[in-house]
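Computed from the coordinates by the stated procedures, all read-outs in this text should not be read as laboratory data. The model shown is predicted, which means the values in this text are computed figures rather than measured ones. Glycine gets a Cβ as well: all are built from the backbone with ideal geometry, and neighbour counts include every protein chain shown.
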Amino acid sequence: MCGIAGFFDKSRNNQNAPVGQVLLTMLEALACRGPDSTGVALFAPSLDRRVVLCINLGENGDGSARVASLRNFLDRQFKSRYALTNHEIAARLVVSEVEDVPALAAGIEALDKNIEVVSMGESLEIVKQVGSPANLDRAYGVAHMKGTHGIGHTRLSTESKVDLSHSQPFGSHQLGDLAIVHNGHITNYHQLRRRYEQRKIRFYTENDSEVVTIYLADQINKGLTLREALHAMLGDLDGSFSCLVATSNQIGFVKDPFALKPLLWAETDKFVTLANEEVAIRSALPGAYDVREAQAREVRLWER
């Protein structure tokens, strides 16, 4: 029942499209499909190659102590080359001159078992939390966020706990600037998880959607293009699913072989939009254009 949404501005040089507002409006229309949590993954090109990490500080214990520990760590590593802001249980880190971003993320998470790096990359920022789209906007000002494209999710929990960590979108610890949102169920999740854990790849949740990000990052790191990885996913992941994926310059979808989960999309000269209900598309982007239904085993990808 989860709601998924995506928006891609096709303007060649526009890096300030109202991505946050469009996704927020779409998610508000989909809120009845997933009242438990809301999240968005937003992409905006980095002009100075700085890296952004979005961090979950954890809901248990003393969050202020974790922030202090994080600042001490960053002071030692980067001195004045970083900016850290935090809101309740989430923090945003902007840092320059990072040679190994996954190593930085691992160092941050080693400070406290409750700390989790939610996303990392030069273009990507993920903000998510328990509650409605309106609550997410009040906390983070999503409606004012600009960029080139993004994906969003409203969650109805069916198999795991309700907290920030289990919410979507999911980013990747193996590959920066990669995010997914997913509606459905990966029925061979436990088998896939055991295989990845044997390779020392860490899982942060019991949410089966997390394996999608790990799978795609693994395939791309092996040399596949994103399009090839999405096609491979149709053979390697079992179940019923509609999945949206985004990178720094791409957005796309993959639909399961049985077409059990709805997914609609539309393309004009100005934008591409995707959602699992037409009302979400029409409410955010009024106008005269056709909305199409994705077919079984369909893969589509748009690139800047």
(request) Could you pull out every residue, at least 5 positions away or on a different chain, whose amide H is within less than 5 Å of the one on G121? Hs are placed 1.01 Å off N in the peptide plane, and Pro or chain starts have none. (result) V52, D177
(message) Suppose only helical runs count, i.e. DSSP H with n ≥ 4. What mean residue ellipticity at 222 nm does that imply for the chain under -39500 (n - 2.57) per run, divided by all residues and rounded to the nearest 500 deg cm²/dmol?
(response) -8500 deg cm²/dmol
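Answer rounded, prolate or oblate for the range 224-301, using the Cα gyration tensor with square roots of eigenvalues a ≥ b ≥ c: rounded when a/c is under 1.5, else prolate when a/b is larger than b/c, else oblate. Please report the intermediate quantities before stating the final value.
On the way: a/c = 2.62, a/b = 1.50, b/c = 1.74.
Because a/c hits 1.5 or more and a/b fails to exceed b/c, the range 224-301 counts as oblate.
Mind checking the full-extension length gain between V291 and N14? Use 0.36 nm per residue of separation minus the Cα-Cα distance, one decimal, nm. Please list the in-between numbers first.
On the way: separation 277, 0.36 × 277 = 99.72 nm, distance 2.40 nm.
Answer, rounded to one decimal: 97.3 nm.
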(request) Per residue of the range 277-283, in order, report the coupling 6.51 cos²θ - 1.76 cosθ + 1.60 (Karplus, θ = phi - 60°) as ³J(HN,Hα) in whole Hz, putting x for Gly and Pro. (result) 9, 5, 4, 5, 5, 5, 5
(request) Only one of the values (1) 26, 23, 20; (2) 38, 21, 17; (3) 29, 22, 19 was calculated from this structure for semi-axes √(5λ) of the Cα gyration tensor in Å; name its label. (result) (3)
(request) Provide Rg and Dmax in Å for the range 171-228, with only Cα atoms included in the calculation. (result) 11.0, 28
(request) For the range 13-91, run through the GluC sites (Glu not before Pro) and keep only the ones in DSSP coil with at most 10 other Cβ atoms within 10 Å of their Cβ. (result) none
(message) Which of rounded, prolate or oblate describes the range 134-208 when judged by the alpha-carbon gyration tensor and an a/c cut-off of 1.5?
(response) prolate
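May I ask you to derive the FRET efficiency for T225 and M1 from their Cβ-Cβ distance with R0 = 30 Å, giving the value to the nearest 0.05?
On the way: r = 32 Å, r/R0 = 1.06.
Computed FRET efficiency for T225 and M1 comes out at 0.40.
Considering only the other residues whose Cβ falls under 15 Å of the Cβ of S132, what net charge follows from Lys and Arg at +1 and Asp and Glu at -1? Could the numbers behind the result be given before it?
Values: positive: R33, K128, R138, R155; negative: E28, D36, D137.
Net charge in that neighbourhood comes out at +1.
Out of the trypsin sites (Lys or Arg not before Pro) in the range 149-202, which ones are loop residues according to DSSP with at most 16 other C-beta atoms within 10 Å? Walk me through the intermediate numbers first.
Details: sites: R155, K161, R193, R194, R195, R199, K200, R202; in loops: K161, R199, K200, R202.
Within the range 149-202, the qualifying trypsin sites (Lys or Arg not before Pro) (loop, at most 16 other Cβ atoms within 10 Å) are K161, R199, K200, R202.
Tell me, what is a quarter of the convex hull surface for the C-alpha atoms of the range 94-253, in nm² with one decimal? Each step should come with its number before you reach the end.
Working: hull surface 39.6 nm².
Seen from a random direction, the Cα hull of the range 94-253 projects 9.9 nm² on average.
Counting other C-beta atoms within 10 Å, which of T85, T205 has the fewest, and how do the rest follow?
Numbers: T85 10, T205 17.
Neighbour counts put them in this order, fewest first: T85, T205.
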(request) Compute the distance in nm between two label points, each set 7 Å from the Cα along the Cα-to-Cβ direction, one at A65 and one at T268. (result) 5.4 nm
(request) Extending each Cα 7 Å along its Cβ direction at K79 and L111, get the distance between those two points in nm, one decimal. (result) 2.0 nm
(request) Enumerate by residue number the GluC sites (Glu not before Pro) in the range 201-304 meeting two conditions: DSSP loop (anything except H, G, I, E, B), and at most 14 other Cβ atoms within 10 Å of the site's Cβ. (result) E206
(request) Just the number, please: Stokes-Einstein D of the range 1-106 in µm²/s, Kirkwood Rh from C-alpha pairs, 25 °C, 0.890 mPa s. (result) 149 µm²/s
